[in-house]
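Student: Handing you a structure now.
Laboratory data are not the source of any read-out in this text; all were calculated from the coordinates shown. Predicted, not measured: the structure shown is a model, and the values here were computed from it. Virtual Cβ from ideal backbone geometry, glycine too; neighbours counted across all protein chains shown.
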Amino acid sequence: MIVAEDFIQAASRHGFDLYSGVPCSFLKPFINRVIDSDKLRYVGAANEGDAVAIAAGAELGGQRSIVMFQNSGLGNAVSPLTSLTHIFRIPVLLIVTLRGEPGRPADEPQHELMGEITTRMLDLMNISWDFFPESDADIESALLKALASMQEHSRPFAFVMRKGSVADAELQAQAVVRPLPRQASSLARKPVAQRGAMLRAVQSASAADDVIIASTGYTGRELYASGDRPNQLYMVGSMGCAISIGLGLALARPERRIVVLDGDGAALMRLGALATVGFERPGNLLHIVLDNGLHESTGGQATVSQSIDFCALAAACGYTQVASVSAPAELAALIARPTRELTFVHVPILPGVPELPRPSITPAAVAARLRAHLLGSRTDSRA
């Protein structure tokens, strides 16, 4: 058994300063000590997949990150682990608890199957792993093994934590309560333009130093067709994770404005991410939802966006600035202004998309190019 502080300090010496995750009783000492630290940042995610995406965004921004959750939530993280960190080659460190481990004292019934297959799931996802260190003497060698794997493969490495690996620790910090901003409504706006016109408005009004993250599907493909740039990231797979990647990047690189271009279907898929973003409230994050009421790239099936108020949702989640625009010129004018507070923009759009090429650049190359672009304003602390 180790003391959480010993592992945290060792990890910090290797540059791991941001933690994101979902609580588990096995992880309580870790999460509590990270929250209590004035040198580290803990971002509580609404689900395990969002935690992976937040850490991935931070890593793209040059900040090593650790993701923590129990094995029963590993299923929630499969999509970003297989279609985000894997294909974009983003190495994050995972700590996955082994609830329901065979041969150990009985656990809650919901952990029985996952206890049997956790390590096999990691193997199936080509994620290298080892058991979490259980003695002080093993901490440094365990971290060096993880770092070597992450550097060699540019992909996640997982520590599988057994029960009793870490001594208990109580939380000292008090819960933070943040008031909600003013309400706004998106229901009054009607679409007047298609996605392409809005994307061109974004490109024309954004600064060269901005980072633009485009959601999976037609948003990323049409942004690429409109003009490929080194400050743009085109999501593939990991649907709904664009805003969580943007959050991680915004926290890691506060000197840059991060513009996230989301779709209504993607935003609805991981709606809990808005609550995490609204709580963290980075002032350099601009979240734009292009809403045509459809899953357009998969055949035009309707979403439920026509019966909800995205602006009211964002305001209720803590976004400090909320707006709705329907004309490209309105969107361009909004983007041309500096973003000093967390901002949500609902943009109703008309359906329709031209013939689009698929990006010829690979996701891994897109991520590498973005890292190089970000190094233009700061030397990577890991270099």
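Student: Neighbour counts of other C-beta atoms within 10 Å: give me SER135, SER360, SER226 arranged from fewest to most.
Tutor: On the way: SER135 11, SER360 8, SER226 19.
Going from least to most buried by this count: SER360, SER135, SER226.
Student: At 0.36 nm per residue, and after removing the present C-alpha to C-alpha distance, how many nm does the segment from GLN110 to PHE279 gain when stretched out fully?
Tutor: Details: separation 169, 0.36 × 169 = 60.84 nm, distance 3.00 nm.
Contour length minus the Cα-Cα distance gives 57.8 nm.
Student: Order of THR219, THR82, THR276 from fewest to most other C-beta atoms within 10 Å?
Tutor: THR82, THR276, THR219
Student: Specify the longest stretch of the chain that does not include any exposed loop site, a site being one of the GluC sites (Glu not before Pro) with a non-H, G, I, E, B DSSP assignment and at most 13 other Cβ atoms within 10 Å.
Tutor: Longest run free of exposed loop sites: 1-169.
Student: Moving on. Multiply the residue separation of ALA167 and ALA333 by 0.36 nm, subtract the distance between their alpha-carbon atoms, and state the gained length in nm to one decimal.
Tutor: 54.4 nm
Student: How much length is gained if the chain between SER135 and ALA364 is pulled fully straight, taking 0.36 nm per residue apart and subtracting their Cα-Cα distance, in nm to one decimal?
Tutor: Details: separation 229, 0.36 × 229 = 82.44 nm, distance 3.63 nm.
Here the answer is 78.8 nm.
Student: Would you kindly compute the Cα radius of gyration of region 4-161 and its largest Cα-Cα separation (Dmax), both in Å?
Tutor: Every Cα atom of region 4-161 included, Rg and Dmax give 14.4, 42 Å.
Student: How large is Rg over Rh for the chain, taking Rg from the Cα atoms and Rh as the Kirkwood inverse mean of 1/r across Cα pairs? The partial results should precede the final answer.
Tutor: Details: Rg = 20.7 Å, Rh = 21.2 Å.
Dividing the radius of gyration by the Kirkwood radius yields 0.98.
Student: Roughly how many debye, to the nearest 20, is the charge dipole of the chain about its Cα centre, given +1 on each Lys and Arg Cβ, -1 on each Asp and Glu Cβ, and no other charges?
Tutor: Rounded to the nearest 20 debye, it is 1120 debye.
Student: Same structure, new question: Sort ILE87, ILE243, ILE31 by Cβ crowding within 10 Å, fewest neighbours at the top. Don't jump to the answer; show the numbers that get you there.
Tutor: On the way: ILE87 17, ILE243 31, ILE31 20.
The most exposed by this proxy come first: ILE87, ILE31, ILE243.
Student: Provide the FRET efficiency to the nearest 0.05 for the LYS190-LYS28 pair, computing r from the beta carbons and using R0 = 51 Å.
Tutor: 0.55
Student: Roughly how many Å is it from the Cα centre of region 91-155 to that of region 341-358, as a whole number?
Tutor: 39 Å
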